[in-house]
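Structure first, then comments.
The values are calculated or read from the model by the stated rules, or taken from the named source; none is laboratory data. Everything quoted here is computed from the prediction, not taken from an experiment. Using ideal geometry, Cβ is built from the backbone for each residue, glycine included, and neighbour counts are taken over all protein chains shown. For accessibility, only protein heavy atoms count, side chains too; no ligands or nucleic acids. Shrake-Rupley method; radii C 1.70, N 1.55, O 1.52, S 1.80 Å.
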Amino acid sequence: MSDAHAGNWWTRPCGGREVLALALPLVISAGSWSLMHFVDRMFLLWHSTEAMAAAMPAGLLQFTLVCFPLGMAMYVNAFVAQYQGAGRPEKIGQVVWQGARIGLLATPLYLLTIPLAPRVFQFAGHAPEIASLEVIYYQTLTFGTGGMLISAALATFFTGRGKTRVVMFVDCSAVALNLLLDYAWIFGRWGFPAMGIEGAAWATVVAQWVKVLVYWRLMMAPANRHKYQLVAGRPFNAELMRRIFRYGGPNGLQLLVEVSAFSLFILLVGRLGVEAMTATTLAFNVNSVACIPRMG
């Protein structure tokens, strides 16, 4: 390789072209989820302003509680990349299953928060008609928490090995499914009951668990099973789990702190009334379309 070619920012190894090839699918994935939330909340606005106002604080509170284990599950990506680079593919299956186990262990804890939701939103001081919808939305979304965590862990099997297009495909497919189910379940189309904000939540729950099934099916392809020890690596591994908590814990804690501050702000805005909460949700809805994709 010539010195000129080696020094070219775009074409050199690990240069701009390679980075873009890895990052662009993740940008598209993040953009698809941003678009989903935008359309989802617009559907709810067309259904009722109260549903639109309730969706953001309830959804954000649910996401806030998930942040700590989600940060750890996503950090498994670093372990997968490390084992891939070190030529130790047999360790990849083990660490991915430990990350998925975080979702399995956390799910019962989140289900225990369902009875507490009415008191939380009552304490937040929101209008009764908004608080009742927030409770419904939060309680329903909680059934998808396990799917969110497990799919995040399974996705690292692909992102850590540079297979970001697979994640783009799965995310975009799940978003498309979510939007179709949103329309059907919110407004009562194609034989679905018209469930409003609860229907929107169930659409998200179904999409999250479908992602888990798709990732699992792609992972368990015959070419992957032996190479990455996807069957032999399923048992609990205390050492790997300890390392995930040690290195991924700070990542989850940072995410929790950042989102908690934002969630608290949104809950406080809800005290100002339905119109203020609806306007705030619309503003952040539009802003997310511009900002979230760049996080990819």
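What the table shows:
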| item | result |
| --- | --- |
| Residue check, Q82 over 30 Å from E198 (Cα atoms) and among the polar types (S, T, N, Q) | yes |
| The one condition in (1) in contact with a Lys or Arg (Cβ under 9 Å, 6 or more places away or on another chain); (2) among the charged types (D, E, K, R); (3) closer than 18 Å to R41 by Cα that D171 fails to fulfil | (3) |
| Segments classed as helices (runs of 4 or more DSSP H), wholly inside the range 194-281, with at least 2 members that are of a type in the set (A, V, I, L, M, F, W, C) and crowded, with 16+ Cβ neighbours inside 10 Å | 197-219, 238-243, 249-269 |
| Pairs where the first residue, in the range 222-241, is charged (D, E, K, R) and the second is surrounded by 10 or more Cβ atoms within 10 Å (Cβ to Cβ) and modelled with pLDDT of 85 or more, C-beta under 7 Å, 6+ apart | R225/V231; K227/P89; R234/W97 |
| Cross-chain or 6+ apart pairs with Cβ under 8 Å, the range 2-16 first and outside any loop (DSSP other than H, G, I, E, B) and modelled with pLDDT under 55, then of a type in the set (K, R) and open to solvent by 50 Å² or more (accessible area, probe 1.4 Å) | H5/R12 |
| Enumeration of residues in the range 41-57 that are open to solvent by 10 Å² or more (accessible area, probe 1.4 Å) and either under 14 Å from L179 (Cα atoms) or outside any helix (DSSP H, G or I) (or both) | R41, M42, F43, S48 |
| Every residue from the range 161-175 that is open to solvent by 10 Å² or more (accessible area, probe 1.4 Å) and not β-branched (V, I, T) | R161, G162, K163, R165, M168, F169, D171, C172, S173 |
| Only one of R217, R271, R225 that is at pLDDT 90 or above and of a type in the set (D, E, K, R) | R217 |
